[in-house]
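This report refers to the structure that appears directly beneath it.
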Number of protein chains: 4
Amino acid sequence: MGVMKTNQGTNRTKRIGVPAAEEILGKEFKCLNHGFVRLVDYMGGDDRVVQAARVSYGKGTKTVSQDKDLIDYLYRNRHTSPFEHVLTEWHCKMPIFVARQWVRHRTARLNEVSGRYSVMKDEFYIPDVDEIRKQSKDNKQARGEELSLNEQEEVLDIFLQGQEKDSEDYHNLLDKGVAKELARINLPLSLYTEWYWNIDLHNLFHFLGLRMHSHAQKEIRVYANQMFEITKKLAPMSADAFQKYSLESLSLSNKDRQGIKRIFNGEDPQQVAEEIFINKVERNEFLAKLESF
Amino acid sequence: MGVMKTNQGTNRTKRIGVPAAEEILGKEFKCLNHGFVRLVDYMGGDDRVVQAARVSYGKGTKTVSQDKDLIDYLYRNRHTSPFEHVLTEWHCKMPIFVARQWVRHRTARLNEVSGRYSVMKDEFYIPDVDEIRKQSKDNKQARGEELSLNEQEEVLDIFLQGQEKDSEDYHNLLDKGVAKELARINLPLSLYTEWYWNIDLHNLFHFLGLRMHSHAQKEIRVYANQMFEITKKLAPMSADAFQKYSLESLSLSNKDRQGIKRIFNGEDPQQVAEEIFINKVERNEFLAKLESF
Amino acid sequence: MGVMKTNQGTNRTKRIGVPAAEEILGKEFKCLNHGFVRLVDYMGGDDRVVQAARVSYGKGTKTVSQDKDLIDYLYRNRHTSPFEHVLTEWHCKMPIFVARQWVRHRTARLNEVSGRYSVMKDEFYIPDVDEIRKQSKDNKQARGEELSLNEQEEVLDIFLQGQEKDSEDYHNLLDKGVAKELARINLPLSLYTEWYWNIDLHNLFHFLGLRMHSHAQKEIRVYANQMFEITKKLAPMSADAFQKYSLESLSLSNKDRQGIKRIFNGEDPQQVAEEIFINKVERNEFLAKLESF
Amino acid sequence: MGVMKTNQGTNRTKRIGVPAAEEILGKEFKCLNHGFVRLVDYMGGDDRVVQAARVSYGKGTKTVSQDKDLIDYLYRNRHTSPFEHVLTEWHCKMPIFVARQWVRHRTARLNEVSGRYSVMKDEFYIPDVDEIRKQSKDNKQARGEELSLNEQEEVLDIFLQGQEKDSEDYHNLLDKGVAKELARINLPLSLYTEWYWNIDLHNLFHFLGLRMHSHAQKEIRVYANQMFEITKKLAPMSADAFQKYSLESLSLSNKDRQGIKRIFNGEDPQQVAEEIFINKVERNEFLAKLESF
């Protein structure tokens, strides 16, 4: 045919290759009860980041010589364009409410299964029992303490029965000959969907930074965490730079710096915070930053 | 305060203004049973398109002198960048399955109501009775003939009962104290959501071209058609160029042109089509194009 | 090292591969007097387009079964997203005035050699003698007839002497110790620059469509034409669809269709054109379209 | 005409307006010897940021109630989407080497004067005498100490003579009838160009953050600084948040935090830095951060 098929044995190529990525290429990594992510293809790796960066510097650069140091330097100083030359293609399956958060990242390219063309599978998201939690008191958008075991069982039951009913209705409508695009409108946000998703390394890091964050909904964090593990295989140096200078870094305003200096010089944290930050939310954020020192 | 509030009387401005757009600014135009679109703000209009285009031409241009001719010329020749200097801000409310199609257009900026923060309103999409139709036989993704009145009533009933049940479950879960981000996972795709949506005129035309198309799902077409009417108020010359050279234009391949020439020269359409197009789908597309001459 | 270097022998991979692309991978294809393009890497090919499209259709599709027919169908009906899953990485060298036109395409990712870091090479664009032409009389932005041989020699001389002088000044300034970022400000637009450029297949076709067009400046067309030849190796079916349904297709407005019908039915072209098109530019465009039937 | 012209007296509008922005609307603010920036139009302001953010929160939010606190909160926590609903349109004139750095920001929309259509004006960038400096010793891409007054005069002379020669050649070629697109190829990078440039507030802040940075070339910093002043008029609260949480903020890695804690606890800065940072560049960056406490 003149075209080598994917994942059917191996082919020879002159392209940059990453053995650790080849090992997991195409493998499904399970997420939630029915979901998964798998790396389907990639272009480039740490080597490409270095190669793209060296074009900009031309023969004029020598000092930032080692690859790892160069990658660290680029990341630290927001020279993000070389990371855009590494591309990743993912196949993902997730509940629709997760997909709706995911798709807010507009710098990716995607093709999703369509409920207008295809009959959707009867697969719905059910949280683990210990994930069934109350509304958080501090955080308008998060979960707080667990419900009693009894309540958790009740909630689970409501979810399961609702999904069963929705599924029954859906198939009932299809049996009546109703158009697929209409029959599916009462399917729930917990229904699984899937897509091919294509993004460059710079924008993938941006996505991961927001979706691995403790404020992101637990269910999408599961995917982001798994994808970060896979990304470490593909581009270990870049992933390490992202971790050091983004994920685990802390952004300090002028006031934050003043406060930290005074506290490290012996003043009382609570008192300093109250003097510097009138706004309570910002004050609490400051005190949380203090913890990480 | 130093800041003029929107839609509270009028202010003086030195910006380009469009009286016909001012008249409808902020007005809700109803779409489907609970939805709407309204133009909340705009920047520029036909004048801006001309102004941006004339920068490129500098003092060297004189021939394409009239604004309307210039706008037509730009559109016809795919000089799309001047249209990107006109911006529109919309407030829209639509069912989630419509929102999911809409959000595929990545060149817009949006802020949507969040089910993690807010309790969702009990508003669901219910199709008009005569929109309840069978799966199309020719088109994998479309509606075909109507169901019997009896069946239509049954379908409507299934929709209404399902939505009632989903709503009950949702409020039941909220009453138990379940976190909002979790309580909402079984809400149906027919639930209404809303957002602020911001897009430039060039990309708006691209959106409208795809979503006013007969292949787009009926429910999103209702929105696109309404938005096109509003766009005509804001930038009538540009909207007219879009209509003439995009919406109502026809793209003809080499083979299409050969076929049309032979048919207009007296040969039998069906026979010509069969000789030129082996692929049946393309052949039918060709015959449909012929209709528009 | 754990990382396979590019273009140093071949590696084994499980990724989709395209033998015809492997053959030319990394090869420089000369453009203009000192420039080139070379395909450095790719991800996917026609197979990926099909794979991404089939995700959307799920198991519901059977009729559009063959890959080539599917790709043609997708292209014809503006289902462009599957083409976005094929990625290409290019290394290009071109005069700055060409680079300035090229960079207007914002959907690509690029890293360019920097005159702030590096001493620029003494390489300048010189047109072939028969490319030295007069300003076109019809087209404000194009070349027309040739100059006399004598004049062409004079022009060439002006170019060469100017470039020599600019180069001398540049090195003179560097010798004085002037910062590179300042020493380079009088270098001419004919100076060669180079970059790594990364774009998906859909946006590459868009770029090629505009830059292979007869209205594009001759010098950038040389690059676009060469890149199209390379793209045919990488994704022959997709490139063929682009050629048939975009490059060689014709867009006809309502009025165009009326005119063509009347003319094919025996009326006089010139007279029909004058009756239908008041605007002279549009009338001439119509008559040009007529030629292609 | 039905269309209100810009900058010709004032019109009534129901749109959000910002009096401080109206005052400077259309005014040229001089940059470098021949350049300028002017705000031509805007859509929204701080009020729009708040309005767009409140859509996401719906009626569920009360605590982050004041506009300023909300804007600060959004900025601090990277909720960047509400800032994308404020749009700005600029008219700018700058040397081509500045334009080439500027255009790397791909999230803007632009129309530039074209040397293919128009005869370029004889306006070239000449640096102020005290800006004529040597190559920096520490920084591969920057200026260092001044040259002697004598050398500065020599450099200035080289620039002026080169530009005069280039201009002469250009007009000479035009007089011979050479096509404009060809006659301009030896014009220098110091030639002024101009464009209409359109960007949302979030991406404008990103642009300003990179181009006001001390590592950016001096000439583009002049523009960025001026645009920041104008932005403060348009959206003072948002600009203040950008300044506090981005411009003047500091990003600290894990290692940075360890080092700062030890130093504030009394250890020797130099010694701590050497123990923690093997890489000299990162070590110096750390010591520079220390200064800002």
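Among strands (runs of 3 or more DSSP E) lying entirely in the stretch B:11-60, which contain 2 or more residues that are surrounded by 17 or more Cβ atoms within 10 Å (Cβ to Cβ) and under 25 Å from the mean Cα position of the chain (by Cα)? Break it down stepwise before answering.
Numbers: elements: B:11-13, B:29-31, B:35-43.
Fully inside the stretch B:11-60 and qualifying: B:35-43.
With at pLDDT 95 or above, within 30 Å of A:HIS105 (Cβ to Cβ) and more than 14 Å from chain D (Cβ to nearest Cβ) as the only criterion, which of B:GLN141, B:GLN101 stands out?
Values: B:GLN141 fails: at pLDDT 95 or above.
Sole residue among the options that is at pLDDT 95 or above, within 30 Å of A:HIS105 (Cβ to Cβ) and more than 14 Å from chain D (Cβ to nearest Cβ): B:GLN101.
Look through the stretch A:166-185, keep the residues that are over 30 Å from the mean Cα position of the chain (by Cα) and not in a helix (DSSP H, G or I), and return whichever of them is surrounded by the fewest Cβ atoms within 10 Å (Cβ to Cβ). Show your work before the answer.
So the first thing to find is which residues in the stretch A:166-185 are over 30 Å from the mean Cα position of the chain (by Cα), and the list is A:168-180, A:182-183.
This time we only want the ones that are not in a helix (DSSP H, G or I), so: A:176-179.
On the way: A:LYS176: 17, A:GLY177: 15, A:VAL178: 24, A:ALA179: 24.
Step by step, filter the stretch A:166-185, then rank; the result is A:GLY177.
With the checklist (1) at pLDDT 95 or above; (2) within 12 Å of chain C (Cβ to nearest Cβ) in hand, flag the one item A:GLY9 doesn't pass.
Going through the list (1) at pLDDT 95 or above; (2) within 12 Å of chain C (Cβ to nearest Cβ), A:GLY9 breaks only (1).
Just name the residue that is farthest from the other protein chains (Cβ to nearest Cβ) out of those in the stretch A:278-292 that are within 18 Å of D:LEU250 (Cα to Cα) and touching a helix residue (DSSP H, G or I) at 6+ places or on another chain (Cβ under 9 Å).
First pass over the stretch A:278-292, keeping only residues within 18 Å of D:LEU250 (Cα to Cα): A:282-283, A:285-292.
Pick out the ones that are also touching a helix residue (DSSP H, G or I) at 6+ places or on another chain (Cβ under 9 Å) and you get A:282-283, A:285-287, A:289-290, A:292.
Details: A:GLU282: 7, A:ARG283: 12, A:GLU285: 7, A:PHE286: 10, A:LEU287: 14, A:LYS289: 9, A:LEU290: 10, A:SER292: 6 Å.
Looking at the filtered set, the residue picked out is A:LEU287.
So how many residues does the stretch D:118-138 have that are hydroxyl-bearing (Ser, Thr, Tyr) and within 14 Å of chain B (Cβ to nearest Cβ)? Break it down into steps so the answer makes sense when it comes.
So the first thing to find is which residues in the stretch D:118-138 are hydroxyl-bearing (Ser, Thr, Tyr), and the list is D:118, D:125, D:136.
Cutting the leftovers down to within 14 Å of chain B (Cβ to nearest Cβ) gives us D:118.
The number of residues fulfilling the criteria is 1.
Could you tell me which of the residues B:GLN270, B:GLN243 is at negative phi and within 16 Å of the chain's Cα centre (by Cα)? Lay out the reasoning, then the answer.
Working: B:GLN270 fails: within 16 Å of the chain's Cα centre (by Cα).
Unique residue meeting the criteria: B:GLN243.
Any residue in the stretch D:148-159 that's under 16 Å from D:GLN135 (Cβ atoms): show its pairings with residues that are part of a helix (DSSP H, G or I) and of a type in the set (Val, Ile, Thr) at Cβ separation under 7 Å, as long as the two are six or more apart or on different chains.
Cβ pairs passing all conditions: D:GLN152/D:VAL129.
Please state which one of C:LYS93, C:LYS134 is out of contact with any Pro (no Cβ under 9 Å at 6 or more places or on another chain), of a type outside the set (S, T, N, Q) and surrounded by fewer than 20 Cβ atoms within 10 Å (Cβ to Cβ).
Details: C:LYS93 fails: surrounded by fewer than 20 Cβ atoms within 10 Å (Cβ to Cβ).
Exactly one of C:LYS93, C:LYS134 is out of contact with any Pro (no Cβ under 9 Å at 6 or more places or on another chain), of a type outside the set (S, T, N, Q) and surrounded by fewer than 20 Cβ atoms within 10 Å (Cβ to Cβ), namely C:LYS134.
Go over the candidates C:LYS244, C:LYS233 one by one and state the one that is farther than 19 Å from B:ARG78 by Cα, assigned to a helix (DSSP H, G or I) and out of contact with any Lys or Arg (no Cβ under 7 Å at 6 or more places or on another chain).
Numbers: C:LYS244 fails: farther than 19 Å from B:ARG78 by Cα.
Being farther than 19 Å from B:ARG78 by Cα, assigned to a helix (DSSP H, G or I) and out of contact with any Lys or Arg (no Cβ under 7 Å at 6 or more places or on another chain) holds for just one of C:LYS244, C:LYS233, which is C:LYS233.
Looking at B:SER148, B:SER114, B:SER136, B:SER118, can you tell me which residue is outside the structural domain of B:PHE36 (by TED's automatic domain parsing), among the small types (Gly, Ala, Ser) and closer than 24 Å to B:MET94 by Cβ? If you could, list the steps in order and put the result at the bottom.
On the way: B:SER148 fails: closer than 24 Å to B:MET94 by Cβ; B:SER114 fails: outside the structural domain of B:PHE36 (by TED's automatic domain parsing); B:SER118 fails: outside the structural domain of B:PHE36 (by TED's automatic domain parsing).
From the options B:SER148, B:SER114, B:SER136, B:SER118, the qualifying one is B:SER136.
Please state which one of D:GLN163, D:GLN226 is closer than 29 Å to C:VAL178 by Cα, in a helix (DSSP H, G or I) and at the interface with chain C (Cβ under 8 Å from one of its Cβ atoms).
Working: D:GLN226 fails: at the interface with chain C (Cβ under 8 Å from one of its Cβ atoms).
Within the list D:GLN163, D:GLN226, the selection yields D:GLN163.
Which one of these does B:VAL64 not meet: (1) over 30 Å from D:GLY45 (Cβ atoms); (2) outside any helix (DSSP H, G or I); (3) modelled with pLDDT of 95 or more?
All conditions pass for B:VAL64, except number (3).
Across the stretch C:140-165, which residue is surrounded by the fewest Cβ atoms within 10 Å (Cβ to Cβ) among those that are within 30 Å of the chain's Cα centre (by Cα) and of a type in the set (Lys, Arg)?
It comes out as C:LYS140.
Here's the yes/no breakdown for (1) assigned by TED's automatic domain parsing to the domain that holds B:LEU74; (2) surrounded by 18 or more Cβ atoms within 10 Å (Cβ to Cβ); (3) in contact (Cβ under 8 Å) with a residue 12 or more places away in the chain; (4) over 17 Å from B:ILE24 (Cβ atoms):
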residue: B:ASN225; (1), (2), (3), (4): yes, no, yes, no
residue: B:PHE228; (1), (2), (3), (4): yes, yes, yes, no
residue: B:LYS232; (1), (2), (3), (4): yes, no, no, no
residue: B:ALA241; (1), (2), (3), (4): yes, yes, yes, yes
residue: B:GLY259; (1), (2), (3), (4): no, yes, yes, yes
residue: B:ASP268; (1), (2), (3), (4): no, no, no, yes
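Please go through (1) modelled with pLDDT of 95 or more; (2) over 24 Å from the mean Cα position of the chain (by Cα); (3) small (Gly, Ala, Ser) for A:ALA108 and return the number of the only condition it doesn't satisfy.
(2)
Within 14 Å of chain B (Cβ to nearest Cβ), charged (D, E, K, R) and surrounded by 20 or more Cβ atoms within 10 Å (Cβ to Cβ), is that true of C:ARG211?
Working: within 14 Å of chain B (Cβ to nearest Cβ): yes; charged (D, E, K, R): yes; surrounded by 20 or more Cβ atoms within 10 Å (Cβ to Cβ): yes.
Taking the combined requirement at face value, the residue satisfies it.
Confirm whether D:GLU89 is assigned by TED's automatic domain parsing to the domain that holds D:ALA224, within 22 Å of the chain's Cα centre (by Cα) and assigned to a strand (DSSP E or B).
Details: assigned by TED's automatic domain parsing to the domain that holds D:ALA224: yes; within 22 Å of the chain's Cα centre (by Cα): yes; assigned to a strand (DSSP E or B): yes.
When the stated conditions are applied, D:GLU89 passes them.
Just the residues that are surrounded by fewer than 23 Cβ atoms within 10 Å (Cβ to Cβ) and over 21 Å from B:TRP90 (Cα atoms), please, taken from the stretch D:71-90.
Hits for the stretch D:71-90 are D:ASP72, D:TYR73, D:ARG76, D:ASN77, D:ARG78, D:TRP90.
Out of everything in the stretch D:186-201 that is among the polar types (S, T, N, Q) and over 15 Å from the mean Cα position of the chain (by Cα), what residue ends up being surrounded by the fewest Cβ atoms within 10 Å (Cβ to Cβ)? If you could, list the steps in order and put the result at the bottom.
Initial filter on the stretch D:186-201 (among the polar types (S, T, N, Q)): D:186, D:190, D:193, D:198.
Then drop every residue that is not over 15 Å from the mean Cα position of the chain (by Cα), which leaves D:186, D:190, D:193.
Details: D:ASN186: 27, D:SER190: 25, D:THR193: 22.
Within the stretch D:186-201, the match that is surrounded by the fewest Cβ atoms within 10 Å (Cβ to Cβ) is D:THR193.
The values are calculated or read from the model by the stated rules, or taken from the named source; none is laboratory data. Computed from a predicted model, the values in this text were never measured in an experiment. Quick reminder, even Gly has a Cβ in these numbers, built from the backbone with ideal geometry, and neighbours come from all protein chains shown.
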